[in-house]
Amino acid sequence: MSNNGKSEAVDRPVNFIRNIIDEDLAQQKHKQVHTRFPPEPNGYLHIGHAKSICLNFGTAADYNGKCNLRFDDTNPAKEDMEYVDSIKNDVNWLGFQWADEICYSSNYFDQFYAYATELIEKGLAYVCFLNAEESREYRGSLKEPGKDSPYRDTSVEENLALFTKMKNGEFKEGECVLRAKIDMASSFMCMRDPTLYRVRFEHHHQTGDKWCIYPMYDFAHCTSDAIEGITHSLCTLEFQDNRRLYDWVLEHLNDFNKPDRPHQYEFSRLNLEYTVMSKRKLHQLVDDNLVEGWNDPRMPTISGMRRRGYTPASIRDFAERIGISKVDSMTEMTVLEAAVRDDLNKVAPRSMAVLDPIKLVIENYEGEPQALMAPIHPQNEEMGKREIFFGKELYIDRADFSEVAPNRKFMRLALDKEVRLRNAYVIKGERVEYDADGNVTTVYCTYDPDTHGKNPADGRKVKGVIHFVEASKAVPAEFRLYDRLFTVENPAKEDNFEAVINSESLSVKQGYIEPGLVDSKPEQAYQFEREGYFCRDNQSGEQQVYNRTVALRDTWSKK
RNA sequence: AGGGCUGUAGCCAAGCGGUAAGGCAUCUGGUUUUGAUCCAGUGUACCGCAGGUUCGAAUCCUGCCAGCCCUGCCA
């Protein structure tokens, strides 16, 4: 059957949803797979949505099916065009194309109205004048059954008239709702005569002022799926109970009570360590100015991660690595980081940048700086070479020098010790100058002119390699280093998650880049050798600002 | 006696009656002008616990335990 945990259709990990699809296809329940990604446009997309996007679009693509992008826009009070635009943008950026036109639940408002009418005519829905509080009391509790609304037995004719009045704006907000007549004693709370329609005098971003009644999620979602011919409606675990209502609605509508109607399947949402995933909390971080905005590189939003330097391929790979299941889980950051590193390692041109510079003088070098050629990618010659410079004055990183090597493992520059300047020559530390505070200002070295592109002729072994930038050609740049946004694994569990924000989640450095980098494009990834993967900030215009996407894997600093 | 789900190595996650895939993390070697990459190797997983069925159970049955979700005119 399944070979090494891979799906038959494509070389991709199997999951329970693919198993269901394989079965449905085998039994010819559906001819083609049709999924949908149904965000509500009330916030920006985050990495958790990316998991769902990859699942829905990815699965459809693997089975040669289709996937719709559908805005679940049934609550105009919370929604906005700003979000629909950003969502479209993020989905495209991730590399997915929706089938045909973009869909909106609001496209189907006329049909929803007709379906609601059908339910009323069948005696399966009624207009209820209980207010919100009364309605809650009548609902009962988890352990106690509810009791029937006094409006439950209103005649079909009267309900029809009442519902028309609701639509015509003859009732105030909150005065009445349309409810399904199901079972006030059901153990599923969502089946205790759930609300189907409520009155809202709101302007809708798609339908304007045409409607003053808006359908509830449970009524709109299943019917939208059915209208669009969705076969597999994938959502997260908290909708498991709602599936009973999903099925009830479709089974009681003539158009949809067929074997090939949509079915809902639930998978677990993504939880990532050291961050939050709820829209409410992300909204709060933005509103309370704890981050720069939705696209702050520390945010788990698609736009934030994009600005940080994550690539679409790396996010898709991450989604594949974490898999799909029904287990409540918490994924470690290392999985995400490994996914970006794997992608960037392959595609990122190499460069050198000094983030915390100290001056280094080559005492035995005279004359103008010289140009040297360096590989753009040491493991991929096809990427070509770049020009770098070497000269009398250079910058190296403060952390790469120590007057006295702290231990035998120290592989960087120290006095009377040799080290390789990456892509250039072997140098030896000779002496050092300090400022009044005891900080190193300049390190004086000599270089071995016969070591470019080769080891010392006399067989001396030089183990250490450090990076540098030639001073006269160096271009000043700002580097922004990011760390986890929170100090605890699961900030959502805190009483006040804002209290556990990592105050050191951003540190800014002023240093230098190779001159060849001045025209770098925003979001283009580079590996600054020995420092990590960086990209030009997409919000800083002409300024040389680089965001660190992720540091290089570090297997020695903790020892 | 509310109901719905879930429990496989530190973290994800395959497996669906024939004797435990894979990834991340960890650790150990090797290569290396990035302490990166790459390569090779590295895990007694009492398969939540306890019974039962079976020649044989992570897979079937029973009971128990733990965690998550459900009482919006939110989605």
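The values are calculated or read from the model by the stated rules, or taken from the named source; none is laboratory data. Just so it is clear, the model here is predicted, and its values are computed rather than measured. No Cβ is skipped: glycine too gets one built from the backbone with ideal geometry, and neighbour counts run over all protein chains shown. Please note that ligands, DNA and RNA were not included when accessible areas were found on the heavy atoms of the full protein model with its side chains. Shrake-Rupley method; radii C 1.70, N 1.55, O 1.52, S 1.80 Å.
Assorted remarks:
- Whichever residue in the range A:58-74 is more than 13 Å from RNA strand B (Cβ to nearest atom) and under 30 Å from A:Gly208 (Cα atoms) and, among such residues, is surrounded by the fewest Cβ atoms within 10 Å (Cβ to Cβ): A:Lys66
- Filter result for A:Arg306 (more than 14 Å from RNA strand B (Cβ to nearest atom), modelled with pLDDT of 95 or more, within 18 Å of A:His49 (Cβ to Cβ) and in a helix (DSSP H, G or I)): yes
- In the range A:343-361, of all residues being assigned to a loop (DSSP other than H, G, I, E, B) and within 12 Å of RNA strand B (Cβ to nearest atom), the one that is farthest from A:Tyr395 (Cα to Cα) corresponds to A:Ala348.
- Filtered by the rule that a residue be in a strand (DSSP E or B), hydrophobic (A, V, I, L, M, F, W, C) and farther than 20 Å from A:Ala371 by Cα, the range A:420-474 gives A:Val432, A:Val440, A:Val443.
- Matching residues in the range A:362-389 - criterion: being assigned to a strand (DSSP E or B) and either in contact with a His (Cβ under 8 Å, 6 or more places away or on another chain) or without any contact (Cβ under 8 Å) to a residue 24 or more places away in the chain (or both): A:Gln370, A:Ala371, A:Leu372, A:Met373, A:Lys385
- Unmet criterion (only one of (1) farther than 16 Å from A:Thr223 by Cβ; (2) surrounded by 15 or more Cβ atoms within 10 Å (Cβ to Cβ)) for A:Gly123: (2)
- Checking each residue in the range A:524-537 for being out of contact with any His (no Cβ under 6 Å at 6 or more places or on another chain), in a loop (DSSP other than H, G, I, E, B) and either charged (D, E, K, R) or surrounded by 19 or more Cβ atoms within 10 Å (Cβ to Cβ) (or both) picks out A:Glu531, A:Asp537.
- Annotation note: Cβ proximity below 6 Å between a residue of the range A:58-79 that is modelled with pLDDT of 95 or more and charged (D, E, K, R) and a residue that is part of a helix (DSSP H, G or I) and open to solvent by less than 30 Å² (accessible area, probe 1.4 Å) (sequence gap 6+ or interchain) occurs for A:Lys66/A:Ala60; A:Asp72/A:Ser105; A:Asp73/A:Ser105; A:Asp73/A:Ser106.
- Residues (under 23 Å from A:Glu332 (Cβ atoms), in a loop (DSSP other than H, G, I, E, B) and either open to solvent by 40 Å² or more (accessible area, probe 1.4 Å) or out of contact with any Phe, Trp or Tyr (no Cβ under 8 Å at 6 or more places or on another chain) (or both)) located in the range A:253-298: A:Ser268, A:Arg269, A:Leu270, A:Asn271, A:Glu273, A:Met277, A:Ser278, A:Val291, A:Asp296, A:Arg298
- Conditions (1) within 16 Å of RNA strand B (Cβ to nearest atom); (2) surrounded by 16 or more Cβ atoms within 10 Å (Cβ to Cβ): number failed by A:Glu134: (2)
- Selection status of A:Lys521, free of Cβ contacts under 8 Å to residues at least 40 places away in the same chain, of a type in the set (Lys, Arg) and away from RNA strand B (no atom under 14 Å from the Cβ): yes
- Exactly one residue out of A:Ile102, A:Ile53 is surrounded by 22 or more Cβ atoms within 10 Å (Cβ to Cβ) and under 20 Å from A:Gly229 (Cα atoms): that is A:Ile53.
- Any hit, the range A:394-403, residues being on the phi > 0 side of the Ramachandran plot and buried (at least 21 other Cβ atoms within 10 Å of the Cβ): no
- When the test is whether a residue is part of a loop (DSSP other than H, G, I, E, B), among the hydroxyl-bearing types (Ser, Thr, Tyr) and in contact (Cβ under 8 Å) with a residue 40 or more places away in the chain, A:Ser187 does not pass it.
- Being basic (Lys, Arg), surrounded by 13 or more Cβ atoms within 10 Å (Cβ to Cβ), without any contact (Cβ under 8 Å) to a residue 40 or more places away in the chain and more than 7 Å from RNA strand B (Cβ to nearest atom) holds for only one residue in A:Lys172, A:Lys167, A:Lys147, and it is A:Lys147.
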